[in-house]
Amino acid sequence: MELVSPNAGTIFWMVLFFGLVLLILKKYAWKPILNTLRNREKTIEDALQSAEHAKEEIIRLKSDNEKILADARLERDKLMKEARAMKDKIIQDAQEQAQQEGKKIIEEARLSIENEKKSAINEIKNQISILSVTIAEKIIHEKLKDNNHNELIDNLLKNIKLS
């Protein structure tokens, strides 16, 4: 039990050595440890402030990004609306032009048909007149073969009225 019960000499030497270690620690180790702790505390505080500033910057950038995205969406919608309007106008112009071209082609075809019809009618008239003259020649030739062609000529001359 002597080891467990304190002795006055042991307590004296323990207090003396504890004080000596305390003085040595205070003189050589306490200031560097405190300086290191203060530096660490300042570094942590600066990091927290930097993090807070970064957080505020991120929030500001997010709001800016959302504004930019909203503007981009509006611009996209505007461009899409303009593109649709331009597409509709191009289609309408193309349809109108196609209708005009169709009318023009139909009119040209009608005129061509009309001209072909007139040409065919004139051709038929010419052939009829040629055939009529040929038939008349043959009939006259037959009639003139007979001796009474003088009578026929006199009759024809009497019937013709001079204009």
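The values are calculated or read from the model by the stated rules, or taken from the named source; none is laboratory data. Small disclaimer: the values here were computed from a predicted structure and weren't measured. Every residue, glycine as well, gets a Cβ built from its backbone with ideal geometry; the counts of neighbours run over all protein chains shown.
Of the listed requirements (1) part of a helix (DSSP H, G or I); (2) of a type outside the set (A, V, I, L, M, F, W, C); (3) surrounded by fewer than 10 Cβ atoms within 10 Å (Cβ to Cβ), S5 misses just one: (1). The condition of being closer than 30 Å to L22 by Cβ, without any contact (Cβ under 8 Å) to a residue 40 or more places away in the chain and in a helix (DSSP H, G or I) holds for only one of R40, R73, that being R40. Could you please let me know if K42 is modelled with pLDDT of 95 or more and either surrounded by 10 or more Cβ atoms within 10 Å (Cβ to Cβ) or of a type in the set (F, W, Y) (or both)? Yes; evaluated as a whole, the condition is true for this residue.
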